[in-house]
1. What's the local net charge at Thr137, with K and R +1, D and E -1, over the other residues with C-beta under 10 Å away?
2. Whole Å is fine, so just give me how far the alpha carbon centre of the range 151-218 lies from that of the range 237-298.
3. Report relative contact order for the chain in percent, whole number only (criteria: Cα-Cα under 8 Å, sequence separation at least 6).
4. Note down the net charge around Glu84, summing +1 for each Lys or Arg and -1 for each Asp or Glu among other residues with Cβ under 15 Å from its Cβ.
5. In nm, what is the difference between 0.36 nm times the number of residues separating Tyr25 and Val219 and their Cα-Cα distance?
6. Quick one: helix 35-57 against the long Cα principal axis of the chain, what's the angle to the nearest 10°, folded into 0 to 90?
7. On a 0 to 90 degree scale, rounded to 10, what angle separates helix 211-238 from the longest Cα axis of the chain?
8. With the Cα gyration tensor of the chain giving a ≥ b ≥ c as the square roots of its eigenvalues, does the rule (a/c under 1.5 for rounded; else a/b larger than b/c for prolate; else oblate) give rounded, prolate or oblate?
Amino acid sequence: MSSRREWLLAETPGSRMQARLGQAYLRWLSFRENPLALAGLGLVLLLVAIAVLAPWLSPHSPLEQDLARRLLPPGSGSLLGTDELGRDISSRILYGARTTLVIVALVIVLVAPVGLAVGTVAGYAGGFVDGALMRVTDVFLAFPRLILALAFVSAIGPGLINAIVAIACTAWPPYARIARAETLTIKNSEFIAAARLQGASPLRIIWSHVVPLCTSSLVVRVTLDMAGIILTAAGLGFLGLGAQPPLPEWGAMISSGRKFVLDQWWVATMPGIAIFVVSLGFNLLGDGLRDVLDPKQT
């Protein structure tokens, strides 16, 4: 173990891979000194584990209805109680983690590359291209994300896939802004000028030099943005425009339970707690990654 640590922390790395692994190890050492960031990482890993193991962790089927057991309080034959149709809330929350994870993953896969491409091209090209792309970005930024997502979903129809597309259409502008700012900072650097002198095309410079330097800032933004994506998805589900019944989704569960919030509080409270805990985990993880990946700290 000590020899491996010495290899990672070598002052003169023998290869590019050793240098990258050593840098990643130093960042991990810095990250683990932040207990809140570790707590956020633990919550996110717990979400992933729950989503993967939901079929084995769930005591009941999330879709099974039993009207004889409707609105049972927590502990009365059900860990977190049952809803108005007698479905086990704990099972629906566990399966709802899958829905949440799918939404977050697909939105990030759609949003991050688009925002990175728009921002780097705008920042490197400048002039008319920069002005045109940024004005389009400003149009999307002019509207609150949830309102714009509601407009998109209303236009294309409710549903899980449509909700993902709507959230993705409203979430990319901040990534483009960050990538553009990073590109403007580095495009006049000496190593970029050297690449131009060697005959590298603008596309090659953007892909090989600009994009890697923008990645760390986007990773931090992605992690911090996941809580907002979860809340937006829950908001669409609450309004009946996201995942459709009987698919378990935390926002839709809160919506169906709001009618019983005074007497059977657990129906809406339990999925609300799940949203709170997961959003908190992503925020804590994002704060920790920001401290580690901030280029001004290195």
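1. +2
2. The range 151-218 and the range 237-298 have Cα centres spaced 27 Å from each other.
3. Once divided by the residue count of the chain, the mean separation gives 24 percent.
4. +1
5. My answer for the length gained is 68.1 nm.
6. Helix 35-57 sits at roughly 50 degrees to that axis.
7. 20 degrees
8. oblate
The numbers here are math on the coordinates, done by the rules we state, and not lab data. Keep in mind that what you see is a predicted model, and the values were worked out from it rather than measured. We place every Cβ from the backbone using ideal geometry, glycine too, and count neighbours over all the protein chains shown.
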